[in-house]
Amino acid sequence: MLLDTLGGRGIIWQPWFDAVVTLVAVTLIMTLLVFFIIWLERKLVGRLQMRLGPMRTGPYGTLQSIADGIKLVGKEDLRPATSDRWVFEFAPYFAFVPIFLAFVALPVAEDGFVRNLPLGLFYIVAITGLNIVGLVMAGFGSANKYAVMGGARAGAQLISYEIPLILSLLSVAMIDQTLNISAMVADQGTVPYAVLQPLAFVIFLIAGMAELHRQPFDMPVGESEVVGGALVEYSGIRWGMFFLGEYCAVIVISILGSLVFLGGWAWPWSGSQLGAVGETVWQVGLLGAKSLAMIVVIFWLRASLPRLRIDQLMAYCWKILLPVAFVQILLNGFVVVYDLPDVAFLVTSGALLLGLGYLTYISVRRPGSLKARRLVYAGRT
């Protein structure tokens, strides 16, 4: 970028300057979005629980998130005397930075991205998996048994549900024959992949909630069991960094799901007849509406479902979710190799989705468990 002369000599800005400006812009935008979805979650959950939610700070409580942020910045930053100082203090950065790096490869419009990576999907899956390092460091560096338990739970949960999440995205990549997210969106002009691969979309939603540690998959921070988990010793701005990273991860998962499964900005109408500026505005707005809908679904499920036990969560992944995801990959490979019609993807995925629903039902409603429960209620045990 050639700028005005300075001191009689032409100055060419280095690429690092553009990178710094982009990083600052992404950080500011994501922080504002996090403030909004925190307020949205409080209002939505309050409505579901017949409450008003935040109402006092700002009109309808719209400034409550900003007030909470100011409070966290001003709180005293404490560190246990027996903790590992460097591990404890650097853990928030390892949990916070990878989530923001994921936005480098997330396009928001046909020409709206920081970097259009040919392996963008691979990059996002790889970089978002690194934030677990921060939680494990926080747990084992806090010198607290509950923090250690929470960090171990977080590591086990991510290792378990990362595999079904990757397989759900891989099933779409097999159909599209690319890992370029922009190309995936462009190829969904008529039928989104959520229609062709409903099982993959459901698995992505379930595994995404598990990776986000959202209820009913919030065992790593369960207050009734590990009193906050890996974050029990954190306060002030460091706890706020974990909190900010968690909600940024919600945005990343929602945008990624909208791009890969819901057609992104290309479905049902790309707005190509609105001019350059109008098309970009339409595409950003359409992707934002789909991402917001996914965020609302995540919040709705969080308010509606009870917390699972750690053994239930692990068994559901390894015994049900993972085998079904592998079968989906095998069937997709069969359809691709023999060049069958696209409707074959829908038929196989829909049948497997019904099977997943049945396996989930019988795992929750086992006759033996119901009988034992009735005996307990009847006072016979």
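Of note:
- Under a 5 Å amide H cut-off, with hydrogens placed 1.01 Å from N, Leu63 pairs with Gly58 among residues at least 5 apart or on other chains.
- Inverse mean reciprocal Cα-Cα distance (Kirkwood Rh) of the range 289-339, Å: 13.8 Å
- Cα gyration tensor shape for the range 151-231, rounded if a/c is under 1.5, else prolate or oblate: prolate
- Centre separation in Å (Cα based) which lies between the range 108-133 and the range 201-250: 21 Å
- Per-residue ellipticity at 222 nm, computed for the chain from helices alone with -39500 (n - 2.57) per DSSP H run of at least four residues, works out to -22000 deg cm²/dmol.
- Rh by Kirkwood over Cα pairs, then Stokes-Einstein D for the range 195-313 at 0.890 mPa s and 25 °C, µm²/s: 152 µm²/s
- As a proxy for reagent exposure, ranking Lys75, Lys319 by other Cβ atoms within 10 Å from fewest up yields Lys319, Lys75.
- Between the amide H of Val114 and those of Leu106, distances stay under 5 Å, these residues lying 5 or more places away or on another chain, with hydrogens modeled in the peptide plane.
- Membrane-span-like helices of the chain, defined as complete DSSP H segments with a Cα extent of 24 Å or more along the helix axis and a mean Kyte hydropathy of at least 1.6, are identified as 236-261, 343-364.
- Around the Cα centre of the range 75-368, unit charges on the Cβ atoms of Lys, Arg, Asp and Glu (plus for the first two, minus for the last two) sum to a dipole of about 780 debye.
- For the chain, the relative contact order is 19 percent, taking Cα pairs closer than 8 Å that sit 6 or more residues apart in sequence and dividing their mean separation by the residue count.
- Dividing the C-alpha radius of gyration of the chain by 2.2 N^0.38 Å, with N its residue count, gives 1.09.
- Annotation: average projected area of the range 16-74 is 5.0 square nanometres, based on the convex hull of Cα atoms across all directions.
- For the range 183-273, the set of GluC sites (Glu not before Pro) satisfying both a DSSP loop assignment and a count of at most 12 other C-beta atoms within 10 Å is empty.
- The ranking of Ile206, Ile66, Ile255 from fewest to most other beta carbons within 10 Å of each one's beta carbon is Ile66, Ile206, Ile255.
- Residues of type aspartates and glutamates that Lys319 reaches as a straight line, Cα spacing below 19 Å, ignoring anything fewer than 8 places off in the same chain: Glu162, Glu211, Asp311
- Descending semi-axes in whole angstrom, ellipsoid equivalent of the range 69-161, from the Cα gyration tensor: 31, 18, 10
- Order of Arg309, Arg42 - criterion: other Cβ atoms within 10 Å of each residue's Cβ, fewest first: Arg309, Arg42
- Cα centroids of the range 40-98 and the range 309-333: 34 Å apart.
- Per-peptide packing, taken as the mean over residues of other Cβ atoms within 10 Å, places 101-114, 151-164 in the sequence 151-164, 101-114 from highest down.
- Per principal axis, descending, Cα span of the range 237-280 in whole Å: 47, 23, 8
- Within the straight-line cut-off of under 18 Å between alpha carbons, the aspartates and glutamates reachable from Lys290 are Glu41, Glu110, Asp187, Glu279, sequence neighbours fewer than 8 places apart in one chain being disregarded.
Computed from the coordinates by the stated procedures, all read-outs in this text should not be read as laboratory data. Just so you know, these numbers come straight off a predicted model, no measurement behind them. Here the Cβ is made from the backbone with ideal geometry for all residues, glycine too, and neighbour counts use every protein chain on show.
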